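Chemist: Please find one structure pasted underneath; my questions will follow.
The values are calculated or read from the model by the stated rules, or taken from the named source; none is laboratory data. No experiment lies behind these values; they were computed from the predicted model shown. Cβ coordinates were reconstructed from backbone atoms using ideal geometry, including for glycine residues, and neighbour counts include every protein chain displayed.
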Amino acid sequence: MEVLKELRKSLLLALWFVVLTFPIMVIRVNTITDTIEWRWERAILMAVGSFVGSFLWKFLLARQEARKSRQTAKGSSEASDDGASAQKSLTERLLARLGWTRDTLREKKVAIPALAILGAIVIVFPFVTSIYQSNIMISALIYVILALGLNVVLGLGNMLHLGFAAFYAIGAYTYGLLNHYFGVGFWIALPLGAAASAIAGILLAIPVLRLRGDYLAIVTLAFGEIIRLLLVNLSGITMGPSGVKSISRPGLFGLDLSYTQAITYTYFICLALVIFTVFIVHRLENSRIGRQLVAMGEDDIAARAMGVNTSRAKLTAFALGAVWAGIAGVLFAAKTTFINPDSFKVWDSVLILCMVVLGGMASIPGVIAGALILILLPEYLRVFSDYRLLIFGAVLVIMMVFRPGGMIPKRRKAYKLRPEELQGSAAVPVGGGEGDAP
Amino acid sequence: MRFRNMLMIALALFLVGGFAFAAAEGEAETIKIGVAGPHSGDLAPYGLPTINAAELVAEKVNAAGGVLGLQIELIIEDDTCVPEVAANTAAKLVSDGVVAVIGHVCSGATNAAMPIYVESDILAISPSATNPSLRDFPNFFRTIGADDAQGPAQVDYVVDELGMTKIAILHDKGDYGKGLADFALAALAKRGIEPVLFDGITVGAVDYSAIINRVAAEGAEIVLWGGYHPEASKLVDQMRSRGLDIAFMGADGIYGDAIIDLAGDAAEGVYASGPSIAAGPIAEEYRALHVAKYGAEPGQFFMQGVSAMLALVNAIETAGSTDYDALISALRSETVDTPYGSIGFDAMGDATGVGFSVFQVQNQTYVPVQ
Amino acid sequence: MDFEFFVNLLFSGLTRGSIYALLALGYTMVYGIVKLINFAHGEVYMIGAFTTLIMVSVLTILNLPILAIAVIAALVAIVWSAGYGYTLDKIAYKPLREAPRLSALISAIGMSLFLQNYVRLAQTSDFLPFPRFLPTVRFLDNYDGLSSSQFIIFTTTTVVMVILTIFIKFTRVGKSMRAAAQDRMMATLTGVNVNKTISVTFLIGSVTAAIGGILISAHVGQINFYIGFLAGIKAFVAAVLGGIGSIPGAVLGSFVLGLTESFGAGYISSDYEDVFAFIILVLILIFRPSGILGKPAAQKV
């Protein structure tokens, strides 16, 4: 009976989708001959597709439900207050397959060789693969820096920022214009771009200190657009929509590099900067200001009550986030050697946002994975050429529905008092679930 | 140090991605030609026709035995008209071993891709990138006239033939449209004429009545438009439905049946400067092939794409090899029969023999008026 | 620049405002209940326009009278758009009701991308001419600053807004919508079927989007798969400007935005049209951080 009911449900669903998509999928009007093309084969495809799809969907949902209830059953004794985020992380499940736990990884005899092997692979990467591979990897690494920058604002401070591409643009144009007008080199422009971007970050943060949530989002979106439109319209300085071209690639002690060498060199610069960024952001997370940001992101008023200067925390978050965007911008200008305002539209800000959320807010490995996947996936989906954005969109939806906390959710340090230790009053860290801001 | 372990996971992801596609490589002996342009996103209508053009020419050449006895293999890559994607696209084409590229389509994307082609000894023939600054690249060719040739041609016609001096210049703030508008402005300045209005409009906006009011209030006799056909048809349509009969002139971005389809009656009387005319037997042949294969009329830049492909095939045949220098000198010295008649390329890579004419929509078709 | 020019710009601004408002209404309704920026709202609008176009073409070939064509096509488009809105919610948003808000936002962005490309692949990437079935009558003698399609859009927006306001104020479903918006848990406890209410909200939001899609496309005369994204962003800005979640606020915000753009373009420069709009937005939000008509959110401690 159950099976029959499910079957009927899926059949109805398939019918629903066929009817729903009928006008757009099946009918096509040929305006030249004024005839209607009925593409019935598509309706059949749609029916079969949605029938099979519905089973897959139900299966996945059921699995997720099962995992959730298992977690809640087990978690009643644990410190997990949120069912959705209490699932085991992907990392843990992968490790469990190997019969490992997180602690295995922490042991020196496993960690050091593994890290060494990965390090070696990363270093040989540009030498064994094609220029194209190095090129897109550079793009991906630049976005890793960007996403880690946004993570400071969004992941730690929990402030929705829809204008991040503006800071990226400021970094890129700082280098592009300085190089164009004064011949300033990459290494001098790098800190200048970061500084310019940070100043812009503070300028944006001052008016929005009072705003929260979606109002903050919309002002940052407006800021992003204003910056882009200024770049378009101030054509006397920025060369307007035609952009700045022939920007120098990073120099290496005045050596003349061939294209392949220059790309390889840029790859290593990006890699070094990514490692630097990860290091700083990781330190930031556990620093005084990082904790202030997290507190403010969770509850503004409570944080203020605890003595956090939220205005200063906000300014710092915006400035720190912008610094990384500025650095990424300079790298971007040096990599493509050509910039124009088209690279910094709303969509680009949205893409960076997607990286942070898809990867897992506030989780550094998550954000890195999110950035790598969102940049590399469309590139590798080139095989599907026409369908790649369709697939990309579907992947975003499916990922979010089945892993709403992101690929590698942030695991908060959680402290819990065990009954038997109540007398001792010692707080023991346990691997609890991620606590989302309610 | 937990984060180090997590970092390793991230690194693993990164490597899986890298190696997954490093393996697949073809080995059959062909002549590989890249086709790059926007094939997805909002600018796709300008990029897709070039693919069709390249495919049709390649099919025809391959059916007749190929070039130098080898079959042509097209490697089609999407650059979405975004510079950084174009740079990756270019690197991909270089890695795939193409000898030449038909593209890119947008000037901005072309600007980002060309340095990579220069350093990899690959030439590019664009069907549509009109920005004059592209001349700086020694391996750049185009089968369309550059903007700095078009602006003066438009101004000449407006002032000398139509006798209008109250000119409003509008553009779409894009690299193509703004460039065009700037050259028209410069050409006007040479004649000592100040336009009554010089302004950019927002692409994709739903209503342009504010700027149209402004044009009317400034007493303009004609609007010179720098941009593409969708915005142009909105502007014309909204001017006409307001009962304003201010003349309207665009460039090759609106030259084609697309604006007539979109604006209908409102397009009547619209001027466009464009490549002389694609009406010879070759143009007819490819138009027919396109209709037969794709069931629709060819889109924007299709004929330029055909010309680019024909010029390239001809250059390979003349040079007798796919050697970079030989191809470039062949392109510069030979002329080839294309939909636009017999064309060649000058030292700057600009097509010679592709002149500009001015057309006007009369009874729902563009007819040459100059 | 005289008085007539001023009036012309005023009408331009009102037209733009009404266009934004038709979209902003759907945004704000959905936001009010599920606190979700429904990025795919613009795509529902686009699908409404496409369905209308397809139906009109089919019916024209079948040789029906013009009025019948317009009515049937519009009805079909409205029903189908509502279907899309409903399905959208069920697939992409419903599983995420309890998830972090940003996850739902990304899901919405993914859906928007998916629907754009779905229409592009199933139909075409070209701009298509949209049938101009709005009657062109010169209803004002000696004045041509306002075309009839502008007038029709303006009137429709007003009517839709009034109907929605009455619906939400006085009907049973409207009351449950307001209850769900205030406190979903409490609404459930008092016997409101929240899931059904949310579905109804998506249906109504999609209907307004489809009406917008039909009218705006008929005014503009062309559509392609990308029109939803740009229009959606502007409508979102308008909705927030007015105080997101508030129906009169969405309309007011849309008019402020439309008028700013229009006067900015008319008196200063259309180059900076959007810059003016965004600067006004920032200024208003600095002084009224919850939008023009938004209630200052009571902060729970």
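Chemist: Inspect all residues belonging to segment C:1-13 and state whether any of them is crowded, with 24+ Cβ neighbours inside 10 Å and of a type in the set (Val, Ile, Thr). Full working, then the answer.
Modeler: Residues of segment C:1-13 crowded, with 24+ Cβ neighbours inside 10 Å: C:8-9, C:12-13.
Applying the additional criterion that residues be of a type in the set (Val, Ile, Thr) yields none.
No, the conditions are met nowhere in segment C:1-13.
Chemist: Could you tell me which of the residues C:Leu281, C:Leu293, C:Leu257 is buried (at least 24 other Cβ atoms within 10 Å of the Cβ) and either in contact with a Pro (Cβ under 9 Å, 6 or more places away or on another chain) or within 9 Å of chain A (Cβ to nearest Cβ) (or both)? Give the derivation first.
Modeler: Working: C:Leu293 fails: buried (at least 24 other Cβ atoms within 10 Å of the Cβ); C:Leu257 fails: either in contact with a Pro (Cβ under 9 Å, 6 or more places away or on another chain) or within 9 Å of chain A (Cβ to nearest Cβ) (or both).
Of C:Leu281, C:Leu293, C:Leu257, the one residue that is buried (at least 24 other Cβ atoms within 10 Å of the Cβ) and either in contact with a Pro (Cβ under 9 Å, 6 or more places away or on another chain) or within 9 Å of chain A (Cβ to nearest Cβ) (or both) is C:Leu281.
Chemist: Further, regarding this structure: Please go through segment A:117-157 and give me each residue that is within 9 Å of another protein chain (Cβ to nearest Cβ) and among the polar types (S, T, N, Q), ordered by number.
Modeler: The answer is A:Thr129, A:Ser130, A:Gln133, A:Ser134, A:Asn135, A:Ser139.
Chemist: Filter segment A:350-365 down to the residues that are surrounded by 24 or more Cβ atoms within 10 Å (Cβ to Cβ) and more than 8 Å from every other protein chain (Cβ to nearest Cβ) and list them by number.
Modeler: Selection gives A:Ile352, A:Met355, A:Val356, A:Gly359, A:Gly360, A:Ala362.
Chemist: Taking the options C:Ala210, C:Ala238, name whichever one is within 14 Å of chain A (Cβ to nearest Cβ), closer than 27 Å to A:Ala205 by Cα, in contact with a Gly (Cβ under 6 Å, 6 or more places away or on another chain) and among the small types (Gly, Ala, Ser). Explain how you work it out, then say what you get.
Modeler: Values: C:Ala210 fails: closer than 27 Å to A:Ala205 by Cα.
Sole residue among the options that is within 14 Å of chain A (Cβ to nearest Cβ), closer than 27 Å to A:Ala205 by Cα, in contact with a Gly (Cβ under 6 Å, 6 or more places away or on another chain) and among the small types (Gly, Ala, Ser): C:Ala238.
Chemist: Can you name every residue in segment A:374-409 that is touching a Ser or Thr at 6+ places or on another chain (Cβ under 7 Å) and away from chain C (no Cβ under 11 Å)?
Modeler: Hits for segment A:374-409 are A:Ile375, A:Ile408.
Chemist: Can you tell me which residues in segment C:1-27 are more than 7 Å from chain B (Cβ to nearest Cβ) and either among the charged types (D, E, K, R) or in contact with a strand residue (DSSP E or B) (Cβ under 7 Å, 6 or more places away or on another chain) (or both)?
Modeler: C:Asp2, C:Glu4
Chemist: Now a separate question. Would you check if B:Tyr286 is among the aromatic types (Phe, Trp, Tyr), part of a helix (DSSP H, G or I) and within 21 Å of the chain's Cα centre (by Cα)? Lay out the reasoning, then the answer.
Modeler: Numbers: among the aromatic types (Phe, Trp, Tyr): yes; part of a helix (DSSP H, G or I): yes; within 21 Å of the chain's Cα centre (by Cα): yes.
Judged against the criteria, B:Tyr286 is a match.
Chemist: Kindly provide the set of residues from segment B:137-154 that are closer than 13 Å to B:Ala186 by Cβ and surrounded by 24 or more Cβ atoms within 10 Å (Cβ to Cβ), ordered by number.
Modeler: B:Asp147, B:Gln150, B:Gly151, B:Gln154
Chemist: Any chance you could count how many residues in segment C:84-111 are part of a helix (DSSP H, G or I), facing chain A (nearest Cβ under 7 Å) and over 13 Å from A:Ile398 (Cα atoms)?
Modeler: Counting residues in segment C:84-111 that are part of a helix (DSSP H, G or I), facing chain A (nearest Cβ under 7 Å) and over 13 Å from A:Ile398 (Cα atoms) gives 3.
Yes/no matrix, rows are residues, columns are (1) in contact with a Leu (Cβ under 7 Å, 6 or more places away or on another chain); (2) surrounded by 23 or more Cβ atoms within 10 Å (Cβ to Cβ); (3) at pLDDT 75 or above:
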| residue | (1), (2), (3) |
| --- | --- |
| B:Leu13 | yes, no, no |
| B:Gly17 | yes, no, no |
| B:Ala23 | no, no, no |
| B:Glu27 | no, no, no |
| B:Ala36 | yes, yes, yes |
| B:Pro45 | no, no, yes |
| B:Val67 | no, no, yes |
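Chemist: Return the residues of segment B:212-237 that are hydrophobic (A, V, I, L, M, F, W, C) and within 27 Å of the chain's Cα centre (by Cα); say none if nothing qualifies. Don't jump to the end; show me each part of the working.
Modeler: Applying the first criterion (hydrophobic (A, V, I, L, M, F, W, C)) to segment B:212-237 yields B:212, B:215-217, B:220, B:222-225, B:232, B:235-236.
Within segment B:212-237, B:Ile222, B:Val223, B:Leu224, B:Trp225, B:Ala232, B:Leu235, B:Val236 qualify.
Chemist: Related question: Pick out the one residue from C:Val58, C:Val7 that is over 29 Å from C:Ser125 (Cα atoms) and of a type outside the set (S, T, N, Q). Steps first, answer last, please.
Modeler: Working: C:Val58 fails: over 29 Å from C:Ser125 (Cα atoms).
Within the list C:Val58, C:Val7, the selection yields C:Val7.
Chemist: Name the residue, out of A:Thr336, A:Thr310, that is out of contact with any Lys or Arg (no Cβ under 8 Å at 6 or more places or on another chain) and either under 12 Å from A:Phe167 (Cα atoms) or of a type in the set (Ser, Thr, Tyr) (or both).
Modeler: Details: A:Thr310 fails: out of contact with any Lys or Arg (no Cβ under 8 Å at 6 or more places or on another chain).
Just one listed residue meets the conditions, A:Thr336.
Chemist: Might you check whether a residue that is in a helix (DSSP H, G or I) and under 21 Å from C:Val56 (Cβ atoms) occurs anywhere in segment C:228-237? Working first, answer last.
Modeler: Initial filter on segment C:228-237 (in a helix (DSSP H, G or I)): C:228-237.
Within this subset, residues satisfying the condition of being under 21 Å from C:Val56 (Cβ atoms) are C:228, C:231.
Checked against the condition, which is being in a helix (DSSP H, G or I) and under 21 Å from C:Val56 (Cβ atoms), segment C:228-237 yields at least one hit.
Chemist: In the list B:Gly349, B:Gly341, which residue meets the criterion of being outside the structural domain of B:Ala247 (by TED's automatic domain parsing) and at pLDDT below 85? Working first, answer last.
Modeler: Values: B:Gly349 fails: at pLDDT below 85.
Result of the check over B:Gly349, B:Gly341: B:Gly341.
Chemist: Among the listed residues B:Ala292, B:Ala296, B:Ala272, B:Ala288, which satisfies the condition of being crowded, with 20+ Cβ neighbours inside 10 Å and either more than 30 Å from B:Ile222 (Cα to Cα) or touching a strand residue (DSSP E or B) at 6+ places or on another chain (Cβ under 9 Å) (or both)? Walk me through how you get there before you give the answer.
Modeler: Numbers: B:Ala292 fails: crowded, with 20+ Cβ neighbours inside 10 Å; B:Ala296 fails: crowded, with 20+ Cβ neighbours inside 10 Å; B:Ala288 fails: crowded, with 20+ Cβ neighbours inside 10 Å.
Result: B:Ala272 is the single residue among B:Ala292, B:Ala296, B:Ala272, B:Ala288 that is crowded, with 20+ Cβ neighbours inside 10 Å and either more than 30 Å from B:Ile222 (Cα to Cα) or touching a strand residue (DSSP E or B) at 6+ places or on another chain (Cβ under 9 Å) (or both).
Chemist: Name the residues in segment C:161-192 that are part of a helix (DSSP H, G or I) and either among the polar types (S, T, N, Q) or more than 27 Å from C:Leu22 (Cα to Cα) (or both), would you? Working first, answer last.
Modeler: Step one: list which residues in segment C:161-192 are part of a helix (DSSP H, G or I), which gives C:161-170, C:172-182, C:184-189.
Passing the criteria: C:Thr165, C:Ser176, C:Gln182, C:Met185, C:Met186, C:Ala187, C:Thr188, C:Leu189.
Chemist: Now, a different point. Given the conditions (1) of a type outside the set (S, T, N, Q); (2) within 10 Å of chain C (Cβ to nearest Cβ); (3) assigned to a helix (DSSP H, G or I); (4) out of contact with any Leu (no Cβ under 7 Å at 6 or more places or on another chain), report the number of the one that B:Asp207 does not fulfil.
Modeler: All conditions are met except number (3).
Chemist: Under the condition of being within 12 Å of chain C (Cβ to nearest Cβ) and crowded, with 21+ Cβ neighbours inside 10 Å, which residue from segment A:184-210 is nearest to A:Ala165 (Cα to Cα)?
Modeler: Among those residues, the one meeting the criterion is A:Leu204.
Chemist: Let me ask something else. C:Gly253 versus (1) touching a residue at least 60 places away in the same chain (Cβ under 8 Å); (2) over 18 Å from the mean Cα position of the chain (by Cα): which is the lone unmet condition?
Modeler: If we test C:Gly253 against (1) touching a residue at least 60 places away in the same chain (Cβ under 8 Å); (2) over 18 Å from the mean Cα position of the chain (by Cα), just (2) comes out false.
Chemist: Continuing with this model, one more query. Just to verify a result, which residue in segment A:13-70, among those that are within 30 Å of C:Phe127 (Cβ to Cβ) and of a type in the set (D, E, K, R), is modelled with the lowest pLDDT?
Modeler: A:Asp34
Chemist: How many residues does segment B:244-269 contain that are modelled with pLDDT of 90 or more and within 14 Å of chain C (Cβ to nearest Cβ)?
Modeler: The qualifying residues number 1.
Chemist: Let me ask another. Return only the number of the condition from (1) part of a helix (DSSP H, G or I); (2) facing another protein chain (nearest Cβ under 8 Å) that C:Phe276 does not satisfy.
Modeler: (2)
One line per residue, one yes/no per condition, for (1) polar (S, T, N, Q); (2) without any contact (Cβ under 8 Å) to a residue 12 or more places away in the chain:
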| residue | (1), (2) |
| --- | --- |
| B:Ile254 | no, no |
| B:Ile259 | no, no |
| B:Gly274 | no, no |
| B:Ala288 | no, yes |
| B:Gln300 | yes, no |
| B:Met303 | no, no |
| B:Thr322 | yes, no |
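Chemist: From the list B:Ile72, B:Ile76, exactly one residue is farther than 23 Å from A:Phe344 by Cβ and either in a loop (DSSP other than H, G, I, E, B) or touching a His at 6+ places or on another chain (Cβ under 8 Å) (or both). Which is it?
Modeler: Details: B:Ile72 fails: either in a loop (DSSP other than H, G, I, E, B) or touching a His at 6+ places or on another chain (Cβ under 8 Å) (or both).
Being farther than 23 Å from A:Phe344 by Cβ and either in a loop (DSSP other than H, G, I, E, B) or touching a His at 6+ places or on another chain (Cβ under 8 Å) (or both) holds for just one of B:Ile72, B:Ile76, which is B:Ile76.
Chemist: Hey, another quick one. Suppose we filter C:Gly245, C:Gly232 for residues that are in contact with a Gly (Cβ under 6 Å, 6 or more places away or on another chain), at pLDDT below 85 and within 12 Å of chain A (Cβ to nearest Cβ); which single one remains? Spell out how you get there, then give the answer.
Modeler: Numbers: C:Gly232 fails: at pLDDT below 85.
Step by step, each of C:Gly245, C:Gly232 is checked, and only C:Gly245 is in contact with a Gly (Cβ under 6 Å, 6 or more places away or on another chain), at pLDDT below 85 and within 12 Å of chain A (Cβ to nearest Cβ).
Chemist: Taking helices (runs of 4 or more DSSP H) that fall entirely within segment B:101-195, which contain at least 1 residues that are within 14 Å of chain A (Cβ to nearest Cβ) and at pLDDT 90 or above?
Modeler: Qualifying helices (runs of 4 or more DSSP H): B:107-119, B:175-190.
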